[in-house]
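Visitor: Take this structure, written in C-alpha cells, and hold onto it; I'll ask about it next.
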There are 2 protein chains.
Amino acid sequence: MDEMQFLDSVYELAVSYLEDERPLVDYQNFESLEKITDTNLQHGPMPYEQILLDIQHYLKYCVKTNQSGFMNPLWGGISTVALASELITSLTNTSMYTYELAPIGTVIEKSIISKMLGYVGYPDGAGTFTTGGSNGNMLGMLCARLKHNPMGMHTGYDNRNLVALVSEESHYSVVMAGNVIGIGKENIISIKSDPSGRMRADALAEEIQHLKAEGKDVFCVIATSGTTVKGSFDPLKELAEVCFRENIWLHVDAAWGGSALLSSKHTHLMDGVELADSVCWDAHKMMGIPLICSTFLVKDESILAKVCNHTKSAHYLFQSE
Amino acid sequence: MDEMQFLDSVYELAVSYLEDERPLVDYQNFESLEKITDTNLQHGPMPYEQILLDIQHYLKYCVKTNQSGFMNPLWGGISTVALASELITSLTNTSMYTYELAPIGTVIEKSIISKMLGYVGYPDGAGTFTTGGSNGNMLGMLCARLKHNPMGMHTGYDNRNLVALVSEESHYSVVMAGNVIGIGKENIISIKSDPSGRMRADALAEEIQHLKAEGKDVFCVIATSGTTVKGSFDPLKELAEVCFRENIWLHVDAAWGGSALLSSKHTHLMDGVELADSVCWDAHKMMGIPLICSTFLVKDESILAKVCNHTKSAHYLFQSE
C-alpha cells in the first residue's frame, strides 16, 4: 500500500463514518479502553495497514458527535462544507501571523471578521479568530485592563485591587482568565441573577458602589449572552448603561448565544451588544462549524492592536524588501 | 450535486494539490487579491459548485507550504499520515475537556504525553496539549508564579516586582506571555548570549544578584532550545545549576528544538532538560505534523493541576451518576 492508497482508504473510512447510524458511544471506562487500545509508540514508521486498523479502532470508540440531536456540550452536528474546509485547511497548513504566509487566508479572515463586526454593530471595530471562547473572554479582560491602566503593560500591574464582575450564571472560563491574567479568583465577583438567570442591572450598580466604597477598582463587567446551564441572555442595554455611567469596560461572552444575531426571530436577545466594548462569539457552537472556530470582536480597534503589540520583539517576521 | 458528491470533489482537489508541483506562491498584494476574491457572504446556502470554485481559488493563491525545502517559519512539509489524522479529528469533532466526550482521545493523549515525558526525563511529570508554543511558554510562567506565591491565584498578584529572565535571543512569545499574565514588558529582562547565541550562565547568575540587590523578585528563567534566528541551544545544565541554587523555576522553550531528543546524533543538545521544571515542545515544527500540535510538560504534576483548577466553577461538567 502506498501513501496515496492509504489516504484514499482513510477517506473511505471517513465517508462510512458520516453515513453510519451507530449509537452515540460504545462506552468503556478508561482501564478497559486502555487495555484494548494499542498505545505502543514505536520509534520508526508503522505500516499503513496498521494505521488504518488504529483509525478504525478510534472511530469505533469515539463519541459520535455528528449524530442528530447531539448538542450536549453546546456544540454538535456536522456541516459537510465545514468538514471539507477543515480538510483544505489541514492540507494547506499555514499560520495567519503574516500576510506573506497566508495571503488568501488574510483576505478571508478580514472579510468574515468585518461581516461579524457588522452583525454586532461595531462598524469601525476590529477582531481576530482565537483559540476558543475562553481565549476571547481573556482578550476582553486584557483590553479592559489596558484601557484602565495603559502603563501596566510596561511596568506590570498591581492586580490585588482589580475587580471584574460577572453574573452568577457565567462560564468558568472567566474565573480561569482571572487566574491567568493574575487578578485572582477572589477578585472575580458574582452579581445576582433574576429567576430566569439574567444578571440584574440594579444588583450590578449596587455592587459597584459597594466595591468603590471598599477602595476596590472595578475595571471590567462580563455579561453573558447564552449562559451555559440556563441559556439566559443578560439584559445588555441595561448593563451597558451602568457601565457607561461608571466608565467600566463591558465585555459580552456570546460564545454560545452570539449566533442569535443571525435569526430574525431571536436577534432581539442580543439587543444592546452594540453598546458593549467587546464580544466573543463562537462559530463552532450554534453555527455547527467543527471545533475551534471562535472570534473576538472589539469596538475600538486601537486597543486590540496595543494588547497584541509585540512586533518589536519579532523583527525577523517583517524584513524590509 | 449532492452533499457526498461535493465531499468527493473536494477530496479529489486535495489529492491533486498534494501531487501538484506548482511554485511556492503566486504572490499578489492584498488589494489585488481582494479584488479577484469573491468575499461576498450571502445569508442563505451557496451552491456546492460555487464552493468548489472558491476552494480552487484558495488552493491557487495559498502558499504551498508542503513544498519540499519550505521551512521558512520553522515548520513545513506534510506527513500524509498526519493529514489523514487531521481529517479524522475534524470528522469526529470533539473536545478533550472530559473523558465522557473524548474517551479514546484521552487514552491517546495520556500515552503520547507519557512518551514525551519519558524523552524529557520527567517520569512522574504531567503534561497537556496546548494551543501552541506561545501558550506553553505562558503555562510555564503561570506554574512558576504559582510555585513562587501560591496565594496569588486567589488574592491576585502584585506583579510590579516580579521579574522573568530570558536570553536576548528568545522568542517574542515570552514578552507576550509577560503582557498577558500582567508582569509587564519591562519585567522580562534579557540576559547576554555568547557569540553562538547561547544564554551565558555567568551573566544569568550576575543579573540575579543585581536584581536581588534592587529588591526585585526573580520567579522564572526561560531558556531556549533552538532559538528562532540562530537555532542555538542554551546550556541547560549550567542554567539549571544557577536556578537550583537560587530556587527559581526553569522553563525551557523547546518549541522548535525539542525534537532533537528523537535523534541519537543531536539529543545531546537537550542535555539538562531533565533538570528543568517545565518544557514546551511542538510536534508541528520539526516533526512535520500540521499546525497546531504543541505540548507543555511539567516535572511536578501537582502544580499543573493547581494552575488549571477551576472545576468548582464548572459543576455541570461532572455530574454524579
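Visitor: Would you pick out the residues in region A:96-112 that are assigned to a loop (DSSP other than H, G, I, E, B) and open to solvent by 20 Å² or more (accessible area, probe 1.4 Å)?
Guide: If the condition is that a residue be assigned to a loop (DSSP other than H, G, I, E, B) and open to solvent by 20 Å² or more (accessible area, probe 1.4 Å), then A:Met96, A:Tyr97, A:Tyr99, A:Glu100 are the ones that fit.
Visitor: Can you tell me which condition A:Thr155 does not meet? The list is (1) touching a Ser or Thr at 6+ places or on another chain (Cβ under 7 Å); (2) within 25 Å of A:Lys216 (Cα to Cα), and all the others hold.
Guide: A:Thr155 satisfies every listed condition except (1).
Visitor: Could I ask something else about it? Among the residues of region B:40-64, what is the count of those that are part of a loop (DSSP other than H, G, I, E, B) and under 31 Å from the mean Cα position of the chain (by Cα)?
Guide: 3
Visitor: From the list A:Asp234, A:Asp271, which residue is open to solvent by 20 Å² or more (accessible area, probe 1.4 Å) and either assigned by TED's automatic domain parsing to the domain that holds A:Glu206 or not β-branched (Val, Ile, Thr) (or both)?
Guide: Going through A:Asp234, A:Asp271 in turn, just one is open to solvent by 20 Å² or more (accessible area, probe 1.4 Å) and either assigned by TED's automatic domain parsing to the domain that holds A:Glu206 or not β-branched (Val, Ile, Thr) (or both): A:Asp271.
Visitor: Any idea which of (1) of a type in the set (A, V, I, L, M); (2) surrounded by fewer than 20 Cβ atoms within 10 Å (Cβ to Cβ); (3) away from every other protein chain (no Cβ under 12 Å) is the one B:Val120 doesn't satisfy?
Guide: That leaves (2) as the condition not met.
Visitor: In region A:56-78, which residue that is touching a helix residue (DSSP H, G or I) at 6+ places or on another chain (Cβ under 9 Å) and over 19 Å from B:Tyr99 (Cα atoms) is least open to solvent (accessible area, probe 1.4 Å)?
Guide: Among those residues, the one meeting the criterion is A:Ile78.
Visitor: May I ask you to say which residue of B:Ile189, B:Ile181 is over 21 Å from B:Trp256 (Cβ atoms), within 19 Å of the chain's Cα centre (by Cα) and not acidic (Asp, Glu)?
Guide: Criteria check complete, one pass: B:Ile181.
Visitor: I would also like to ask the following. Determine which single condition A:Gly258 fails, assuming it passes every other condition in (1) of a type in the set (Gly, Ala, Ser); (2) closer than 24 Å to A:Asn72 by Cα; (3) open to solvent by 20 Å² or more (accessible area, probe 1.4 Å).
Guide: Every condition holds for A:Gly258 apart from (3).
Visitor: For region B:200-217, which residues satisfy the criterion of being under 26 Å from the mean Cα position of the chain (by Cα) and open to solvent by less than 20 Å² (accessible area, probe 1.4 Å)?
Guide: Correct list: B:Ala201, B:Leu204.
Visitor: Name the one entry in A:Thr128, A:Thr155 that is open to solvent by 20 Å² or more (accessible area, probe 1.4 Å) and modelled with pLDDT of 95 or more.
Guide: Sole residue among the options that is open to solvent by 20 Å² or more (accessible area, probe 1.4 Å) and modelled with pLDDT of 95 or more: A:Thr128.
Visitor: So A:Ser85 clears everything in (1) more than 7 Å from chain B (Cβ to nearest Cβ); (2) crowded, with 19+ Cβ neighbours inside 10 Å; (3) at pLDDT below 95 except one condition, right? Which one?
Guide: Of the numbered conditions (1) more than 7 Å from chain B (Cβ to nearest Cβ); (2) crowded, with 19+ Cβ neighbours inside 10 Å; (3) at pLDDT below 95, the odd one out for A:Ser85 is (3).
Visitor: Restricting to region A:88-115, and then to whatever is under 18 Å from A:Leu291 (Cα atoms) and more than 8 Å from every other protein chain (Cβ to nearest Cβ), can you tell me which residue is modelled with the lowest pLDDT?
Guide: Ranking the candidates gives A:Met96 first.
Visitor: Would you mind telling me which numbered condition in (1) in contact (Cβ under 8 Å) with a residue 24 or more places away in the chain; (2) more than 10 Å from chain B (Cβ to nearest Cβ); (3) farther than 30 Å from A:Glu207 by Cβ; (4) not charged (D, E, K, R) A:Ser167 fails?
Guide: All conditions are met except number (3).
Visitor: Please determine whether any residue of region B:173-192 is over 21 Å from B:Asp277 (Cα atoms), of a type in the set (Gly, Ala, Ser), assigned by TED's automatic domain parsing to the domain that holds B:Met138 and open to solvent by less than 20 Å² (accessible area, probe 1.4 Å).
Guide: Scanning region B:173-192, I find at least one residue that is over 21 Å from B:Asp277 (Cα atoms), of a type in the set (Gly, Ala, Ser), assigned by TED's automatic domain parsing to the domain that holds B:Met138 and open to solvent by less than 20 Å² (accessible area, probe 1.4 Å), so the answer is yes.
Visitor: Of all residues being open to solvent by 50 Å² or more (accessible area, probe 1.4 Å) and at pLDDT 95 or above in region B:29-46, which is nearest to the other protein chains (Cβ to nearest Cβ)? Just the residue, please.
Guide: B:Glu34
Visitor: Residue check, B:Lys115 against (1) surrounded by 17 or more Cβ atoms within 10 Å (Cβ to Cβ); (2) within 21 Å of B:Leu275 (Cβ to Cβ), all met but one. Which one?
Guide: (1)
Visitor: Can you confirm whether B:Thr228 is assigned by TED's automatic domain parsing to the domain that holds B:Ile188, of a type in the set (S, T, N, Q) and either open to solvent by 10 Å² or more (accessible area, probe 1.4 Å) or touching a Gly at 6+ places or on another chain (Cβ under 7 Å) (or both)?
Guide: The answer is yes for B:Thr228.
Visitor: Now a separate question. Which ones in region A:67-82 are assigned to a loop (DSSP other than H, G, I, E, B) and more than 7 Å from every other protein chain (Cβ to nearest Cβ)?
Guide: If the condition is that a residue be assigned to a loop (DSSP other than H, G, I, E, B) and more than 7 Å from every other protein chain (Cβ to nearest Cβ), then A:Gln67, A:Ser68, A:Gly69, A:Phe70, A:Met71, A:Asn72, A:Leu74, A:Trp75, A:Gly76, A:Gly77, A:Ser79 are the ones that fit.
Visitor: With the checklist (1) in contact with a Leu (Cβ under 8 Å, 6 or more places away or on another chain); (2) open to solvent by 50 Å² or more (accessible area, probe 1.4 Å); (3) closer than 30 Å to A:Met4 by Cβ in hand, flag the one item B:Ala14 doesn't pass.
Guide: Against the list (1) in contact with a Leu (Cβ under 8 Å, 6 or more places away or on another chain); (2) open to solvent by 50 Å² or more (accessible area, probe 1.4 Å); (3) closer than 30 Å to A:Met4 by Cβ, B:Ala14 comes up short only on (2).
Visitor: Could you check how many residues of region A:16-28 are over 29 Å from the mean Cα position of the chain (by Cα) and at pLDDT 95 or above?
Guide: The qualifying residues number 3.
Visitor: Would you point out the residue of region A:274-291, among those that are assigned to a loop (DSSP other than H, G, I, E, B) and at pLDDT 95 or above, that is most open to solvent (accessible area, probe 1.4 Å)?
Guide: Only one residue tops the list, namely A:Asp277.
Visitor: Here is a list: A:Lys299, A:Lys237, A:Lys306. Which entry is farther than 21 Å from B:Leu41 by Cα, more than 19 Å from the chain's Cα centre (by Cα) and touching a residue at least 60 places away in the same chain (Cβ under 8 Å)?
Guide: One residue alone meets the criteria, A:Lys306.
Visitor: Name the residue that is farthest from B:Tyr58 (Cα to Cα), counting only residues in region B:5-29 that are free of Cβ contacts under 8 Å to residues at least 40 places away in the same chain and of a type in the set (A, V, I, L, M).
Guide: So the residue we want is B:Leu7.
Visitor: Based on this model, can you work out whether B:Lys265 counts as of a type in the set (Lys, Arg), assigned by TED's automatic domain parsing to the domain that holds B:Ala240 and over 17 Å from the mean Cα position of the chain (by Cα)?
Guide: The answer is yes for B:Lys265.
Residue-wise test of (1) of a type in the set (A, V, I, L, M); (2) at pLDDT below 95.
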residue	(1), (2)
A:Asp8	no, no
A:Glu12	no, no
A:Ile51	yes, no
A:Thr65	no, yes
A:Gly77	no, yes
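Visitor: Is it fair to say A:Gly140 is in contact (Cβ under 8 Å) with a residue 24 or more places away in the chain, in the same structural domain as A:Asp271 (by TED's automatic domain parsing), open to solvent by less than 20 Å² (accessible area, probe 1.4 Å) and touching a helix residue (DSSP H, G or I) at 6+ places or on another chain (Cβ under 6 Å)?
Guide: No.
The values are calculated or read from the model by the stated rules, or taken from the named source; none is laboratory data. The shown structure was predicted, so the numbers you read here are calculated from the model rather than taken from an experiment. Reconstructed Cβ throughout: ideal geometry from the backbone, glycine too, with neighbour counts over all protein chains shown. These area figures cover heavy atoms from the full protein model, side chains too; ligands, DNA and RNA do not enter into them. Shrake-Rupley method; radii C 1.70, N 1.55, O 1.52, S 1.80 Å.
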